[in-house]
1. Where Rh is the Kirkwood radius over the Cα pairs of chain A, the temperature 4 °C and the viscosity 1.567 mPa s, what D in µm²/s does Stokes-Einstein return?
2. Which one, C:Trp104, C:Leu62, C:Cys85, projects farthest toward the positive side of the charge dipole computed for the range C:51-157 from Cβ point charges (K/R +1, D/E -1)?
3. Give the angle, between 0 and 90 degrees and rounded to the nearest 10, that separates the Cα long axis of helix A:169-184 from the longest principal axis of the Cα atoms of chain A.
4. Separation of the range C:1-21 and the range B:84-102 by C-alpha centroid, Å?
5. Looking only at Cα atoms, what is the convex hull volume of the range A:127-184 per residue, in Å³?
6. Which FRET efficiency, nearest 0.05, do A:Met229 and B:Thr212 yield, Cβ-Cβ r, R0 51 Å?
7. Averaged across orientations, what area in nm² does the convex hull of the alpha carbons in the range C:37-124 project?
8. Considering chain A as a Gaussian network with a 10 Å cut-off on Cα pairs, which listed residue, A:Lys18, A:Lys66, A:Lys109, attains the greatest mean-square fluctuation?
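Just so it is clear, none of the values below were taken in a lab; they were calculated from the coordinates. From a predicted model like this one, the values you see are computed outputs, not experimental measurements. Because the Cβ atoms are built from the backbone with ideal geometry, glycine has one as well, and the counts that use them run over all protein chains shown.
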Amino acid sequence: MAPSKLSPTGLRFESIDKRYGGLFALRRVSFEIAAGECAVLAGRNGSGKTTLLRIAGQIVRPTAGKLSFPGSSADSSANSRPGYVGHSTMVYDELTAEENLLLFARLQKVESPVARAEDLLREVGLYERRASLVRTFSRGMRQRIAIARALIHRPSVLLLDEPATGLDPLGITWLANSLRELSRAGCTIVMSLHGESEISTLATRAVRLDAGIVIADTQTGASLRDILMFGAA
Amino acid sequence: MSLFSNTAVLLSKELRTEFRSRELLTTTVVFILVVLILFSFAISPTTEESREFGPGLLWLAILFAASLMLQPCFLREQNNDTLSSLRLAVSDPFSIFLAKLIANTLFLLLTELIMLPFFAIFYNVPILPEIHWLVLVLFLGSLGISVAGTALSAISAQARMRELLLPLLLLPLLTPVLVVSATVTVSLFEREPIVKGKGIAFLAVFDVVFLTALWLFGEYLLEE
Amino acid sequence: MSKRIILAAVAILLVIAAAYASFFLAPEERTMGLIQRIFYFHAATAWAGEMTFFVCFLANLLYVWKRQPKYDWLGVSSAEVGLACITVVLITGPIWAHPVWGIWWTWDARLTSTFVLWLLYVSYLLLRTLIEEPERRALLSALFGIFAFLDVPLVFFSIRWWRTQHPQPVIMGGSGSGLDPTMSKVFFFSVLAMHVLAAFLIVERYVLEKMNSELDFLAREVEAQ
């Protein structure tokens, strides 16, 4: 699962605005996450966490402002693209786990796609079910295939949108362990979470959003606990 | 070239998905069959009339079937937000369209070829004499339908009432394909079959115009 | 505001003048009689309609390129005015055809492609009503508008080359085929009048759309709080 060790990469938001008609989903969001940090985005539903992550994942373009990845080497353009795990699995239900990973590996020009897909399946513990259609997977397994897909191109930055949703305690432990391992290997992690959990213990940084604005940041003195639980700056 | 390799990978995904379930193919074949039969009930043509009106009805049936068959095209990418993962994975968004339109053309063509013997029997038309030209016309017409249909399917998937919207957007747009394909097909079934080169060239032009438009504007159709 | 009033006044005056000219200045046509005078209105509106659809196409292209709402407002305004023109053409066509040739409709190239054009722009406007979010609506309808416009010449030629009946009653007849000089002058004056009228209608519709859009913007902001 280890990311490419060549370029530890950070994430920088500069004055990001996102407007939908008259609605500001995000307003002048500016902060930077250093390479290797494990950051948590906190906030109520509708605070803009998902929008910000989708912008970071380059799925959505900001209305204004700039997104950059300081530290990524120019030639590894494929690797500099972050891995994104969203609310949906973003894989095909009617294909098997193996077929899905092969598809995304081939599209992203991953070296030795077959071997890479196999390795990832083993690492997320889906190797036995590699020939099963994703449609038959449980919620926990779906999360695992989603993560495998996000990691297929060895990204240096991994984005996760409420990854613990719907997971049982075993699933959450597995997720926490996997993220810990990734973080140790130098991957920059940004995830949105609700409240405290086994996963939030990994965080070295936290930012809270409310109505599209950054209202608290551990970098400017707020405590991690406060950000996760109470939302006061 | 990355566009072609990505298209090939995506095309194999589209084909694999469809041939695993064969839902689209079977429903489309049955639909065209039903429409053709209903047409003949409504008109009850004589043999001579069949030869004259049959092709027009065939193409009309193909158009109706296609406007239904093309709906899942982008809708099914909304299921698990796979459209986002595809967009992230490919360097050129046109490869997504190219793969889908090639797949859709193949599905349509396959459906038409399956339908052809039934059509020949019910409407008493001699399809064998110029079968190679007939297949060419079917191919060019189906390609035109697929190109326009795939593009519009990306639009209608983002609107409400998409089941009604796609036919509404697509059918007027495909008038040239209907007119020309039907005319060329009729002349292929005459006692002295005539090959209307001008018509075939026109269909090719239609295909090129919309392929180019899709190439130029496709990425905006997928924007979020 | 005053520019708009001037435009309105000019448009109305030109239309009245053109109507007067068609009825009283143009000579009576030999074979068709009084009903032929509707030609000035019918053909002039058709030309104005085609021009507005071209404006719509340009607005669509500009929106996709620049993403400024004003191009979206121009697009919908010109599409609606164009649709109105086309509706007039489709109604006056049969009104003219029936007394002259005894038929209400003929599948001639121009009328048929006009009808398909009508369908395409109705779909364009319908599409807009089915997309809530303003930016999506603007982008997707602009893209459909571009495809629709590219289709128009294809529709026209496909019908002209393979569907036009023989013999061909010349519905748009006269233009270009040796019109009497006075008729010519009246015709081109009518064309001018209808273009100015169309421009006036587009401006008014644009202003309305602009206000609507700004109101919608404010409403969404309030709702978000």
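1. Answer, rounded: 72 µm²/s.
2. C:Leu62
3. Tilt relative to chain A: about 80 degrees.
4. So the two Cα centres are separated by 52 Å.
5. 97
6. The calculated FRET efficiency here is 0.35.
7. 5.7
8. Judging by the Gaussian network model, the answer is A:Lys109.
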